[in-house]
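Notes for the one structure printed next.
The values are calculated or read from the model by the stated rules, or taken from the named source; none is laboratory data. Values in this document were obtained by computation on a predicted structure and should not be read as measured data. Neighbour counts run over all protein chains shown; Cβ positions are idealised from the backbone, glycine included. Calculation scope for accessible area: heavy atoms of the full protein, side chains included, ligands and nucleic acids excluded. Shrake-Rupley method; radii C 1.70, N 1.55, O 1.52, S 1.80 Å.
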Amino acid sequence: MIRHERAKEELRHAEQQRAEELVRQRAADNLVDQARAAVAAERDQLLGRWQQTLDEAHEERRRLVEDHRVEIERVRQQARWEVDRVRRESAVIVSQLRAQFAERIGDRDEPRRIEQKR
């Protein structure tokens with residue numbers, strides 16, 4: 001009978017060890033799952049930050065492109081105004097030169113006219 005009780009005790013002890021091992025395995029599996037979840041959460045957080053940084057960079061680039069477009073248009077308009085101003089000033093100078101030329105030509109003809117009247 002002692003053998004029988006001893007066998008039962010060994011069987012209970014083996015079952016208890018299996019149950020403890022199962023608990024340890026479940027605990028280890030839970031830790032692995034928690035670690036995986038933490039890694040995934042950190043990855044998602046980093047991807048979110050990266051996406052936000054990328055979005056900010058795209059917005060900054062868009063803003064810079066728009067600023068440059070506006071500046072280029074401003075410079076072009078200034079150049080058009082400057083060209084128009086130079087054209088107007090040139091036209092005034094040409095008109096003045098033509099008037100001076102006509103006046104000088106007229107002055108040369110005047111002595112002839114005086115001589116012709118005599």
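Residue-by-condition table, conditions (1) assigned to a helix (DSSP H, G or I); (2) open to solvent by 70 Å² or more (accessible area, probe 1.4 Å); (3) of a type in the set (K, R); (4) in contact with a Pro (Cβ under 7 Å, 6 or more places away or on another chain):
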{"site": "A57", "(1), (2), (3), (4)": "yes, no, no, no"}
{"site": "E60", "(1), (2), (3), (4)": "yes, yes, no, no"}
{"site": "E71", "(1), (2), (3), (4)": "yes, yes, no, no"}
{"site": "R76", "(1), (2), (3), (4)": "yes, yes, yes, no"}
{"site": "W81", "(1), (2), (3), (4)": "yes, yes, no, no"}
{"site": "V86", "(1), (2), (3), (4)": "yes, no, no, no"}
{"site": "E89", "(1), (2), (3), (4)": "yes, yes, no, no"}
{"site": "R98", "(1), (2), (3), (4)": "yes, yes, yes, no"}
{"site": "I105", "(1), (2), (3), (4)": "yes, no, no, no"}
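Filtering segment 1-31 to residues that are of a type in the set (V, I, T) and surrounded by fewer than 10 Cβ atoms within 10 Å (Cβ to Cβ) leaves only I2.
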